[in-house]
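The values are calculated or read from the model by the stated rules, or taken from the named source; none is laboratory data. All of these numbers come straight from a predicted model, not from anything done at the bench. Using ideal geometry, Cβ is built from the backbone for each residue, glycine included, and neighbour counts are taken over all protein chains shown. In case anyone asks, the SASA skips ligands and DNA or RNA and just uses the protein heavy atoms, side chains included. Shrake-Rupley method; radii C 1.70, N 1.55, O 1.52, S 1.80 Å.
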Amino acid sequence: MSQSENWVQQLPQNIIIGLEQGSVYSLIALGYTLVYGVLQLINFAHSEVFMAGGFGSYLVVNGIVGHRHMTGVMVPLTVLCGVLSGALTGAAIAWLLEKVAYKTLRRSGAPKLAFLISAIGASLFLSNLAGKLFNRLPNNAFPTYFDINHQLFKIGNAKVTLIEVIIVGSAVVMMIFLDRLVNRTKLGRGIRAVAEDAPTAALMGIDIDKTISRTFVIGGALAGAAGFMFGTAFGVSNLMGFTPGVKAFAAAVLGGIGNIRGAMIGGLILGQAEVLIAALPFVGAQWNDVISFVVLVLILLVRPTGILGERLGRAA
Amino acid sequence: MTESIDLSKGQETPTSPAVSSSSTLLNVDDIEVRYGTIRALKGVSFHVNEGEIVALLGANGAGKTTTQKTVSGMLRPSLGAITYDGKRIDGIPAHELIRLGICHVPEGRHVFPRMTVHENLEMGAFRFKKIDQTDLDNVLEMFPRLKERYKQLGGTLSGGEQQMLAIGRALMGKPRLLLLDEPSMGLAPLVVAQIFEILRDINNSGVTVLLVEQNAAQALGLADRGYVLETGEIVLEGTGSDLLADDRIRAAYLGEEIAAS
Ligand SMILES: Nc1ncnc2c1ncn2[C@@H]1O[C@H](COP(=O)(O)OP(=O)(O)O)[C@@H](O)[C@H]1O
Ligand SMILES: [Mg+2]
């Protein structure tokens with residue numbers, strides 16, 4: 001079969017593309033999983049935090065770089081500027097979101113359903129606000145500050161482009177950073193304690209409200225940075241959060257919601273599954289979105305708590 | 001062993017129990033606590049003097065846990081006042097109260113199940129910049145079992161070991177007032193005896209103890225004074241030995257235990 005030979009031939013290239021997509025899913029998934037860990041709540045407005053990171057970095061990078069074309073050492077500097085401004089915007093929006101949409105409800109002891117509705121409301125609000133504010137921008141694609149498709153090197157016959165290296169590289173750095181933060185710092189221990197047993201964490205002197213707020217900020221920063229990367233590769237729009245957001249949510253559940261390493265692995269698996277399955281004969285790219293959820297359902301049938309289980313979550 | 005454990009170190013006012021037993025450390029004045037419309041405490045008053053062990057007794061559902069949670073800041077009273085070391089503390093949340101040296105070992109132990117013994121002990125010292133190595137050494141000396149299980153996850157320990165860990169964790173917070181909620185619950189008699197002995201040591205090192213128990217005989221044997229709660233009200237109070245001798249106590253709480261011991 002020439003078609004299946006094709007699949008094998010394209011495998012290395014597709015793995016690289018899958019890695020690129022998966023990295024973005026992982027970064028967003030971490031936000032879902034962190035917040036779920038401390039609140040047992042799915043923050044459905046998280047996809048809009050990602051979107052906000054896309055726009056925030058667009059405005060900052062565009063403001064600094066304009067239409068100049070970056071080469072050489074200016075490329076990593078531009079990327080750094082984009083990642084940082086995306087992360088800052090994401091962190092700020094997530095912080096605000098928690099204050100406005102969740103904290104008030106938590107204070108009044110509202111039922112879980114109220115949080116869900118509040119999240120959906122916040123999500124619609126942010127997405128429409130961004131539409132009003134930004135959809136008249138010259139174009140919704142990131143200006144090409146640098147040649148994102150510039151081929152850096154080859155692995156076998158697979159091309160590796162600049163944007164792929166940027167996305168995967170920054171994702172890896174951020175994930176290592178987060179892992180260290182959660183496992184080695186005091187803030188991280190506070191987050192883990194609140195996730196395991198919030199009332200007891202308070203007895204240890206941990207301010208639950210502050211810890212929750214900081215958890216949103218961390219998750220928001222990761223999603224915001226992912227917004228910059230995604231925007232650079234595919235353009236920004238007020239609706240850009242929806243599909244990656246839903247898939248990242250699936251990735252978080254896939255890895256075991258509440259489990260940080262699970263979210264990383266879930267995102268990478270989903271990224272690969274999507275690209276590799278879509279490349280199969282008789283499938284095709286239009287099935288991308290279906291594939292994610294078929295994979296999710298299949299894995300949950302075998303492992304109902306996800307691949308790594310709900311590790312951060314309440315055990316008792 | 002007792003002499004080598006100095007848990008009062010690092011407190012603003014190290015106190016020896018003998019000198020200060022007359023000064024009131026905790027005063028609970030006519031507090032009412034509600035869960036929604038349910039009045040769990042209907043005007044509870046009691047006090048704990050510095051250096052004392054005070055037992056809070058009562059049947060299941062009497063309001064013992066509610067009382068302790070209110071003292072440690074997990075719950076707010078709707079009426080009444082709580083004074084600690086001369087200051088009003090009712091309404092101050094738990095994470096702030098621990099800074100005043102109020103450490104609570106909650107009912108059911110609540111060790112962090114996915115953290116190691118070491119990490120659990122570290123959590124107890126969360127309010128400090130760095131953990132105090134001397135405190136850690138003291139806790140491990142007090143509970144050698146914890147040393148053996150040092151890298152093991154809290155959730156994999158036996159009930160008795162979890163209780164030791166919960167107490168050790170509270171000690172890492174340098175308590176001045178230690179609240180313990182049914183430390184004997186579900187434990188074998190030998191382990192209970194061991195834990196009560198350690199509570200005596202902890203108290204001798206200068207820590208004031210408010211002990212909630214259903215195990216009245218054992219608690220009153222240890223306590224200087226005791227109070228009996230019944231459906232949200234204090235119905236009886238007295239010294240440990242007085243209460244132990246009280247017919248009502250003997251009838252209501254000690255029937256079997258006395259026969260057994
Ligand atoms: N979270 C809660 N919600 C509603 N009622 C509660 C709650 N916790 C305890 N209660 C009620 O308050 C009363 C006192 O309970 P508690 O303080 O746990 O008693 P004890 O520790 O003496 O067994 C009981 O009637 C109990 O049912
Ligand atoms: Mg109780």
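Taking only DSSP H segments of four or more residues, each worth -39500 (n - 2.57), what value at 222 nm results for chain A once the sum is divided by all its residues, to the nearest 500 deg cm²/dmol?
That comes out to -24500 deg cm²/dmol.
Which whole-number value in Å² is the accessible area per residue of the protein assembly as shown, probe 1.4 Å?
I get 43 Å² per residue for this part.
Ordering B:D85, A:D197, A:D209 from largest to smallest accessible area (1.4 angstrom probe), what's the sequence?
Result of the area sort, largest leading: B:D85, A:D209, A:D197.
Once the dipole of the protein assembly as shown is set up with Lys and Arg at +1 and Asp and Glu at -1 on Cβ about the Cα centre, which of A:F177, B:P144, A:L187 lies farthest towards its positive end?
Toward the positive end, the furthest listed residue is A:F177.
On the full set of protein chains, 1.4 Å probe, figure out the accessible area of A:R189 and give it in Å² to the nearest 10.
Rounded to the nearest 10, the figure is 40 Å².
So what's the Cα pair-distance distribution over the stretch A:23-241, bin width 10 Å, in %?
Histogram of Cα-Cα distances, whole percents per bin: 9, 33, 31, 19, 7, 1.
Quote the relative contact order of the stretch A:23-241 in percent (integer), defining contacts as alpha-carbon pairs under 8 Å separated by 6+ residues.
Result for the stretch A:23-241 is 45 percent.
Work out Dmax and Rg for chain B from the C-alpha atoms and quote the Rg first, both in angstrom.
17.5, 51
State the answer as a single residue: which of A:A45, B:L243, B:P189 lies farthest towards the positive end of the charge dipole of the protein assembly as shown, with beta carbon charges of +1 for Lys and Arg and -1 for Asp and Glu, about the Cα centre.
So the residue furthest toward the plus end is A:A45.
Given the protein assembly as shown, what percent of its DSSP beta bridges are antiparallel, to the nearest 5?
The answer is about 60 percent antiparallel.
Considering only A:I163, A:I93, A:I299, give the residue with the highest GNM mean-square fluctuation for chain A, with springs between Cα atoms whenever their separation is below 10 Å.
A:I299
Going by a 1.4 Å probe on protein heavy atoms, which residues of the stretch B:113-132 end up with at least 20 Å² less accessible surface in the whole assembly than in their chain alone?
Output list: B:P113, B:R114, B:M115, B:E119, B:E122, B:M123, B:F126.
Taking the Cα of B:S23, stepping 7 Å toward and past its beta carbon, and measuring to each backbone N in the stretch B:205-230: which are under 11 Å?
Counting backbone N atoms under 11 Å from the label point, the list is empty.
Only residues of the stretch A:29-50 count here: report those whose backbone N is under 15 Å from the spot 7 Å along Cα→Cβ of A:V283, or say none.
Under 15 Å, as judged by backbone N against the label point of A:V283, lies no residue of the stretch A:29-50.
Taking 10 Å² as the minimum loss, tell me which residues in the stretch A:190-212 lose that much accessible area going from the chain by itself to the full protein complex (1.4 Å probe).
Correct list: A:R192, A:A193, A:E196, A:D197, A:P199, A:T200, A:A202, A:L203, A:M204, A:G205, A:I206, A:D207.
Using a 1.4 angstrom probe on heavy atoms only, work out the carbon and sulfur share of the accessible area of chain B in %.
50 percent
What number, in percent, do you get for the relative contact order of chain B if the mean sequence gap of Cα pairs under 8 Å and at least 6 apart is divided by its residue count?
27 percent
Run lengths n ≥ 4 of DSSP H only: what is the helix-derived mean residue ellipticity at 222 nm for chain B, with -39500 (n - 2.57) per run over all residues, to the nearest 500?
So the helix-based figure for chain B works out to -9000 deg cm²/dmol.
Mind putting a number on the dipole of the stretch A:23-241 about its Cα centre? Charges go on the C-beta only, +1 for Lys and Arg and -1 for Asp and Glu, and I need it in Debye to the nearest 20.
It comes to approximately 240 debye.
List, in the order given, every pair from B:K69/B:K174; B:K64/B:K147; B:K64/B:K87; A:K210/B:K129 whose Cα-Cα distance in the structure shown is over 25 Å.
In this structure, B:K64/B:K147 lie more than 25 Å apart at Cα.
State the answer as a single residue: which of A:I64, A:L203, A:N128 lies farthest towards the positive end of the charge dipole of the protein assembly as shown, with beta carbon charges of +1 for Lys and Arg and -1 for Asp and Glu, about the Cα centre.
The residue sitting most towards the positive pole is A:I64.
Could you put B:H95, A:H46 in order of accessible surface area, largest first, with the 1.4 Å probe and the full protein assembly present?
Result of the area sort, largest leading: B:H95, A:H46.
First measure r as the distance between the Cβ atoms of B:K42 and A:N135, then evaluate 1/(1 + (r/R0)^6) with R0 = 51 Å and state the FRET efficiency to the nearest 0.05.
Taking R0 as 51 Å, the efficiency between B:K42 and A:N135 is 0.25.
Would you check the accessible area of B:T156, probe 1.4 Å, heavy atoms only, in square angstrom rounded to 10?
80 Å²
How many percent of the accessible area of chain A is carbon or sulfur, using a 1.4 Å probe?
Answer for chain A is 69 percent, counting heavy atoms of protein chains only.
Over chain B, what is the percentage of antiparallel beta bridges among all DSSP beta bridges, to the nearest 5?
55 percent
Kindly tabulate the residues in the stretch B:51-78 with an accessible-area decrease of at least 40 Å² between the chain alone and the assembly of all protein chains, using a probe of 1.4 Å.
B:M74
Roughly how big is the protein assembly as shown's charge dipole about its Cα centre, with Cβ charges of +1 (Lys, Arg) and -1 (Asp, Glu), in debye to the nearest 20?
2080 debye
Given a Förster radius of 51 Å and the C-beta distance between B:Y35 and A:L80 as r, what FRET efficiency does 1/(1 + (r/R0)^6) yield to the nearest 0.05?
0.45
What translational D, rounded to a whole number of µm²/s, comes out for the protein assembly as shown from Stokes-Einstein when the hydrodynamic radius is the Kirkwood one over Cα pairs, at 20 °C and 1.002 mPa s?
My calculation gives 81 µm²/s for D.
Put a dot 7 Å past each Cα toward the Cβ at A:W7 and B:S78; how far apart are the dots in nm?
6.6 nm
Before we go on, tell me the buried accessible area for the B/A pair, both chains summed, 1.4 Å probe, in Å² to the nearest 100.
Result for this pair: about 2000 Å² buried.
Under a 1.4 angstrom probe, counting protein chains only, how are B:T37, B:T231, B:T65 ranked by accessible area, largest first?
Output order, biggest surface exposure first: B:T37, B:T231, B:T65.
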